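A short write-up of the structure that comes next.
The values are calculated or read from the model by the stated rules, or taken from the named source; none is laboratory data. The structure displayed is predicted, hence computed values, not measured ones. Quick reminder, even Gly has a Cβ in these numbers, built from the backbone with ideal geometry, and neighbours come from all protein chains shown. Accessible surface areas use protein heavy atoms only, side chains included; no ligands, DNA or RNA. Shrake-Rupley method; radii C 1.70, N 1.55, O 1.52, S 1.80 Å.
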Amino acid sequence: MTAFQIEDAQTGAVRTRPARSRNRHPASRRRTLLVFLQVAIVVAFLAVWQWGATGGWISTFLFSSPEQIISVLAQNITTGELWTDMGVTAQEVLIGFAVGAVGGSALGLLLWYSRFVADLSAPFITAIGSIPVLAVAPMMIIWFGTGLVSKVVIVGFSCVIVSLTNAYRGAQRVDPDLLDLMRSFGSSKTQAFTKAIVPGAMSWVVAGLKLNVGFAIIGAVVGEFISSSAGVGHMIVTGSSSFAMNQVLAGVVVVMAMVLAFGLLIDLLERALFRWER
Amino acid sequence: MTMSHAIEVHGVSKRYGDGPLVLDGIDFYARSGEFVSFVGPSGCGKSTLFNIVTGLLAPSSGRVLVNGVETTGSPSRSIGYVLQKDLLMPWRTIMRNVILGLEVHRVGRAEARRRASALFDAYHLTGHEDAYPGQLSGGMRQRAALMRTMVTDPDIILMDEAYKALDYPLKIQLESELMDTVKAAGKTVVFVTHDIEEAVTLSDRVYVLKAHPGQLVQEIEIDLGTDSHAINERRLASAFNDYYETIWRSIGAGGRTEVAA
Ligand SMILES: Nc1ncnc2c1ncn2[C@@H]1O[C@H](COP(=O)(O)OP(=O)(O)O)[C@@H](O)[C@H]1O
Ligand SMILES: [Mg+2]
């Protein structure tokens, strides 16, 4: 009986759609409503948390409170420590991302040149991709020291396989008829690559970059957990070892803000690259 | 030495892998400046033959000569082609799509644009140079695809069901434009279609194919009794219906020996 009801509910939903689209701007109204609700949920969550902390039925030792987190952030801003930590992490992320995600995308596209090399390397790529970054990060620190280089390598390692695989898949999906057209004009393999494969695979490349925004920042934080003297991961791990939950959670907030900001940068890149889609 | 034809195909057969024989012993030619069509039912190997003539596909046996030079299995610069799919790159403007072939031939950007600009009027695309393909109608995109081929100035144009996806009036319109362009420039055209009316209207000569395996069953010289290239005049010529019927019967007979030429 449940299956029947679900099906009914689905057809009902489909039937209401034309009616809704008679609104003047149904899409933008829906979007406004969504954003409004999302903000409302966050505000309600923070309010309940703060209320509980003030009322004493949420332990601030275990869970901190929005107020305490904000005061840690404010304090770290005044001392300038927050900017230093963010700067260190951002540098690791940006360089590591450029090496891993951008380099991985380039490699993935270049694999299009040789089906043989691509097939030969496929199992190795899968194998490397299955290694958890946590497992190899300590080794990277031993090999490359506790400074910037090891973090860059860890971030790069976190990004490289996803970007490589995505870019290669994108290159494979370019319409073979388009490649025939290039060939009929007498194009060289390199001309086909630059004029058809690279732009044709770009939406897959950008999708890979987007996935890697999160992976890059996780990679940097993991690296900093293991050994560091500054960075957002350092801020979290020192807070954690002294049971300062407000500092840990302040670090988490900073990480989230950085992921959001970095994601926005990639969105801008996407908009610039896909102007033709609108 | 006799003058060679624009295209000569000798004994072309094709089998994909170890599948069935798709084309069996195809012989045909197209004179320079001639408009030749292939008609046949879906799956009879028209596109396969098309790809072999363009040089994109190697035949299992047989030879392809373009202007007297053997080109079997490799694309020739003398040949340009247009498919049903316009194959415009969505990320390039119409202008940059049109000059794609010139770019590949390493013609300078300014010179390429100059050559392409000269064509936009004739193809009714003036004002759309900087539009993206996604902003254009199907007919306009198909015109841009033809421009992309014509701007590289090939002697021979191959078309595979190029107007199949268009509605009837638009198809007639584009066929008229095609006739004006290719006749004025003296191009040789090999036109692949499953549409008998289209084949009779446009062609100087029609080859009829049958399927399983693809074989030529008939070759028909079309003489509609008019020198005009206007689609209307040709379509309404009194001889039109006889040709239409002959080809219809030929396809319907599916290669029974009595209709084989
Ligand atoms: N790449 C291919 N591999 C295997 N079989 C193919 C391939 N292309 C076409 N065929 C087969 O060859 C036959 C002729 O196809 P095609 O040349 O596309 O015919 P048409 O264009 O007349 O419809 C069909 O039976 C089709 O399934
Ligand atoms: Mg076909």
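When B:ALA184 is tested against (1) at pLDDT below 90; (2) open to solvent by less than 10 Å² (accessible area, probe 1.4 Å); (3) among the aliphatic types (A, V, I, L, M), just one condition goes unmet, and that condition is (2). Scanning the range B:118-135 for residues that are of a type outside the set (Phe, Trp, Tyr), open to solvent by 10 Å² or more (accessible area, probe 1.4 Å) and part of a loop (DSSP other than H, G, I, E, B) gives B:ASP121, B:ALA122, B:HIS124, B:THR126, B:GLY127, B:HIS128, B:GLU129, B:ASP130, B:ALA131.
Within the range A:57-74, the residues that satisfy the criterion of being over 17 Å from A:MET235 (Cα atoms) and outside any helix (DSSP H, G or I) are A:TRP57, A:ILE58, A:SER59, A:SER65. Quick check: anything in the range B:43-66 away from ligand 1 (no atom under 16 Å from the Cβ) and closer than 19 Å to B:THR149 by Cα? Yes - at least one qualifying residue is present in the range B:43-66.
Looking only at the range A:175-192, decide whether some residue is more than 14 Å from chain B (Cβ to nearest Cβ) and either part of a helix (DSSP H, G or I) or open to solvent by less than 20 Å² (accessible area, probe 1.4 Å) (or both). No, the range A:175-192 contains no residue that is more than 14 Å from chain B (Cβ to nearest Cβ) and either part of a helix (DSSP H, G or I) or open to solvent by less than 20 Å² (accessible area, probe 1.4 Å) (or both).
Do you know which residues across the range B:35-59 are farther than 15 Å from B:THR71 by Cα, away from ligand 2 (no atom under 11 Å from the Cβ) and open to solvent by 10 Å² or more (accessible area, probe 1.4 Å)? If you could, list the steps in order and put the result at the bottom.
Taking the range B:35-59 first, the residues farther than 15 Å from B:THR71 by Cα are B:35-48.
Restricting the remaining residues to those that are away from ligand 2 (no atom under 11 Å from the Cβ) gives B:35-37, B:39.
The answer is none; no residue qualifies.
For the range B:216-224, the count of residues that are open to solvent by 30 Å² or more (accessible area, probe 1.4 Å), more than 16 Å from ligand 2 (Cβ to nearest atom) and more than 28 Å from B:THR48 (Cβ to Cβ) is at least one.
When the range B:203-215 is limited to residues that are away from ligand 1 (no atom under 13 Å from the Cβ) and crowded, with 24+ Cβ neighbours inside 10 Å, the one that is nearest to the other protein chains (Cβ to nearest Cβ) turns out to be B:SER203. Residue count for the range B:169-199 under the criterion of being over 15 Å from B:ILE156 (Cα atoms) and within 16 Å of ligand 2 (Cβ to nearest atom): the result is 6. Looking at the structure I just gave you, is B:LEU88 within 12 Å of chain A (Cβ to nearest Cβ), buried (at least 19 other Cβ atoms within 10 Å of the Cβ) and part of a helix (DSSP H, G or I)? The answer is no for B:LEU88. Restricting attention to the range B:183-202 and to residues that are touching a strand residue (DSSP E or B) at 6+ places or on another chain (Cβ under 7 Å) and within 15 Å of ligand 1 (Cβ to nearest atom), the residue that is farthest from the other protein chains (Cβ to nearest Cβ) turns out to be B:ILE196. Go through (1) surrounded by fewer than 23 Cβ atoms within 10 Å (Cβ to Cβ); (2) more than 18 Å from the chain's Cα centre (by Cα) one by one and return the number of the condition B:ARG31 breaks. Result: B:ARG31 passes all but (2). Note on the range B:48-74: residues that are within 11 Å of chain A (Cβ to nearest Cβ), of a type in the set (S, T, N, Q) and within 21 Å of B:THR193 (Cα to Cα) total 2.
In this structure, does A:VAL259 turn out to be open to solvent by less than 30 Å² (accessible area, probe 1.4 Å), among the hydrophobic types (A, V, I, L, M, F, W, C), in contact with a helix residue (DSSP H, G or I) (Cβ under 9 Å, 6 or more places away or on another chain) and in the same structural domain as A:ALA167 (by TED's automatic domain parsing)? Show your work before the answer.
Values: open to solvent by less than 30 Å² (accessible area, probe 1.4 Å): no; among the hydrophobic types (A, V, I, L, M, F, W, C): yes; in contact with a helix residue (DSSP H, G or I) (Cβ under 9 Å, 6 or more places away or on another chain): yes; in the same structural domain as A:ALA167 (by TED's automatic domain parsing): yes.
So A:VAL259 does not fit the description; no.
Return the only residue of B:ALA145, B:ALA199 being open to solvent by less than 50 Å² (accessible area, probe 1.4 Å), part of a helix (DSSP H, G or I) and in contact with a Ser or Thr (Cβ under 6 Å, 6 or more places away or on another chain).
Going through B:ALA145, B:ALA199 in turn, the sole match is B:ALA199.
Would you be able to say whether some residue in the range B:131-141 is more than 13 Å from chain A (Cβ to nearest Cβ) and within 13 Å of the chain's Cα centre (by Cα)? No, the range B:131-141 has no match at all. Tell me, yes or no, whether the range B:96-117 has at least one residue that is in contact (Cβ under 8 Å) with a residue 24 or more places away in the chain, among the hydrophobic types (A, V, I, L, M, F, W, C) and either in a strand (DSSP E or B) or open to solvent by 10 Å² or more (accessible area, probe 1.4 Å) (or both). Looking through the range B:96-117, none of the residues is in contact (Cβ under 8 Å) with a residue 24 or more places away in the chain, among the hydrophobic types (A, V, I, L, M, F, W, C) and either in a strand (DSSP E or B) or open to solvent by 10 Å² or more (accessible area, probe 1.4 Å) (or both). For the structure I just gave you, tell me whether B:ARG96 is within 12 Å of chain A (Cβ to nearest Cβ) and either at pLDDT 95 or above or farther than 30 Å from B:GLU8 by Cβ (or both). The answer is yes for B:ARG96.
From the list A:SER150, A:SER130, A:SER121, pick out the single residue that is more than 27 Å from A:GLN172 (Cα to Cα) and of a type in the set (Ser, Thr, Tyr).
Values: A:SER130 fails: more than 27 Å from A:GLN172 (Cα to Cα); A:SER121 fails: more than 27 Å from A:GLN172 (Cα to Cα).
From the options A:SER150, A:SER130, A:SER121, the qualifying one is A:SER150.
Conditions (1) on the phi < 0 side of the Ramachandran plot; (2) within 16 Å of ligand 2 (Cβ to nearest atom); (3) within 14 Å of chain A (Cβ to nearest Cβ); (4) at pLDDT 90 or above, marked per residue:
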site: B:ARG148; (1), (2), (3), (4): yes, no, yes, yes
site: B:THR152; (1), (2), (3), (4): yes, no, yes, yes
site: B:ASP160; (1), (2), (3), (4): yes, yes, yes, yes
site: B:ASN232; (1), (2), (3), (4): yes, no, no, no
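Assess whether B:VAL36 counts as being away from every other protein chain (no Cβ under 13 Å), under 21 Å from B:VAL200 (Cα atoms) and modelled with pLDDT of 90 or more. Answer is yes for this residue. Against the condition open to solvent by less than 100 Å² (accessible area, probe 1.4 Å), at pLDDT 90 or above, outside the structural domain of A:THR190 (by TED's automatic domain parsing) and farther than 19 Å from A:ALA250 by Cβ, how does A:VAL42 come out, does it pass? No, not satisfied.
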